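Step one of this worksheet: look at the structure below.
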Amino acid sequence: MRGVNGLHHITAIAGPPQQNLDFYAGVLGMRLVKRSVNQDDPGTYHLFYADAEGHPGTDFTFFPWTHSAPPRIGHGLAVETSLQIPRGSLVFWRARLGEHGITVDPAEDRFGDTALPLADPHGLRVALVESKQTVSRHFTPWAEGPVPAEHQIRGLYGARIWERDLAPTGAFLAVMGFDRLDAADGWTRYGFAGALGVLDIRETPDARRGSWGIGTVHHLAWRVQDEAHQLEMRAAVESAGAHATEVIDRFWFKSVYFKEPGGVLFEIATDGPGFAIDEASAHLGETLVLPPFLEAQRAQIEHVLPKLTNRVNG
């Protein structure tokens, strides 16, 4: 049976949307490729940042739930997201972040990768990673972005999660097609031989249960090629004990959601149809796009949503 094909996207919970946009587009230089709403809470934006074309695996998305309670860091929670940067660009990024007043932690060696950890303006832990991996990825530089093409973020690299008990999650990941790659410094790394998306897990039996809040990851989405592949994986995770949703049409991709044994919310998302299905590629993210079933409510939704200005030219 086929496993998943690495990371599709990661979705996190943010604070005020303008601050989120200023940081991810203005500082990190990711392109806002879709300006939409949370389809289950249409009074809230859903902002999608990626490479210039929004390739699967480059997409970091946010729900700006500004009235959420603070998070409780603990097991059953993804505690950090990592973004891949080109080799040799760490000096550039340390300087750029410093120029924008972003405090960065000392660089860390993680399984042979070099990671530069930091927190975004709403407390989300993010690491910029120079990877030793040689797996190729689809990436289109954003020519009008504020970061030179040779230093631009290439896409998602992985995530770190805490689990009360590693074994059930490790067995479940094997069903999804993950390999156990290595273990060091209290972390166990899972990933793929031919796809991008590492998952580093720390076993924390004495930690409290984690809970969502501003500055935490909401879910991790894993790639499948098409709807047939998605149904195969849905059947596989259900056979392994997960309670999966039915397929949900998100219009830019189709989704299935479930929790892995430790409680982290996962998604299986199709590669297509993609973000250009309802906007021209040259104008991605410039205007509010709604799924068809919400179009009749556009006036009310636009009235509720705060004004959002992309200060980055392009």
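The values are calculated or read from the model by the stated rules, or taken from the named source; none is laboratory data. Here the structure is a predicted model, which is why all the values come from computation and not from measurement. Using ideal geometry, Cβ is built from the backbone for each residue, glycine included, and neighbour counts are taken over all protein chains shown. Heads up: the accessible areas ignore ligands, DNA and RNA and are worked out on the full protein's heavy atoms, side chains in. Shrake-Rupley method; radii C 1.70, N 1.55, O 1.52, S 1.80 Å.
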Review point. Given a Förster distance of 41 angstrom, what is the FRET efficiency for Asp109 paired with Gln19, based on the Cβ-Cβ distance and rounded to 0.05?
Key: 0.85
Review point. Once amide H atoms are placed 1.01 Å from N in the peptide plane, what residues at a sequence separation of 5 or more from Thr216, or on another chain, have their amide H within under 5 Å of its amide H?
Key: Ile13
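With a cap of 13 neighbouring Cβ atoms within 10 Å, and only residues DSSP puts in a loop, list the trypsin sites (Lys or Arg not before Pro) found in region 81-131.
Numbers: sites: Arg87, Arg94, Arg96, Arg110, Arg125; in loops: Arg87.
Passing sites in region 81-131 are Arg87.
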Check your understanding: Taking square-rooted eigenvalues a ≥ b ≥ c of the alpha carbon gyration tensor, is region 209-306 rounded, prolate or oblate, where a/c under 1.5 means rounded and, failing that, a/b exceeding b/c means prolate?
Key -> oblate
**Study point:** Gyration tensor (alpha-carbon) shape descriptor, the chain, a/c threshold 1.5
**Key:** rounded
Exercise for review: Pop out the ³J(HN,Hα) list for region 142-156 in order, Karplus 6.51 cos²θ - 1.76 cosθ + 1.60 with θ = phi - 60°, rounded to Hz; leave Gly and Pro as x.
Suggested key: 8, 5, 8, x, x, 10, x, 4, 6, 10, 5, 4, 7, x, 5
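Loop only per DSSP, at most 10 neighbouring Cβ atoms within 10 Å: give me the GluC sites (Glu not before Pro) in region 172-270, ordered by residue number.
Details: sites: Glu203, Glu227, Glu232, Glu238, Glu246, Glu267; in loops: Glu246.
Here the GluC sites (Glu not before Pro) that fit, given the DSSP loop and packing criteria, are Glu246.
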Revision key, fill the gap. Carbon and sulfur atoms account, in whole percent of the 1.4 Å probe accessible area of region 41-194, for 53 percent
Check your understanding: Measuring with a 1.4 Å probe in the full set of protein chains, what accessible area per residue, in whole Å², belongs to the chain?
Key -> 41 Å²
**Study point:** Three-way shape call for region 1-131 based on the alpha-carbon gyration tensor, with the a/c threshold at 1.5
**Key:** rounded
Practice item. Mind listing the long-range amide H neighbours of Ala183? Cut-off is under 5 Å, sequence gap 5 or more, other chains count too, H placed in the peptide plane at 1.01 Å from N. Key: Arg189
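Starting from the Cα-Cα distance between Asp185 and Thr309, subtract it from 0.36 nm times their residue separation and give me the gain in nm to one decimal. List each step's numbers first, then the result.
Working: separation 124, 0.36 × 124 = 44.64 nm, distance 4.25 nm.
Value of the extension gain: 40.4 nm.
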Revision key, fill the gap. One finds the C-alpha centres of region 100-141 and region 286-302 to be spaced, in Å, by 34 Å
Check your understanding: So which GluC sites (Glu not before Pro) in region 87-177 end up in coil per DSSP with only 12 or fewer other C-beta atoms within 10 Å?
Key -> Glu144
Revision key, fill the gap. Computed, not fitted: 222 nm per-residue ellipticity of the chain from DSSP H runs ≥ 4 (each -39500 (n - 2.57)), nearest 500, equal to -4000 deg cm²/dmol
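What FRET efficiency do you get for Ala69 and Val247 if R0 is 30 Å and r is their Cβ-Cβ distance, rounded to the nearest 0.05? Could the numbers behind the result be given before it?
Numbers: r = 31 Å, r/R0 = 1.04.
In this case the efficiency is close to 0.45.
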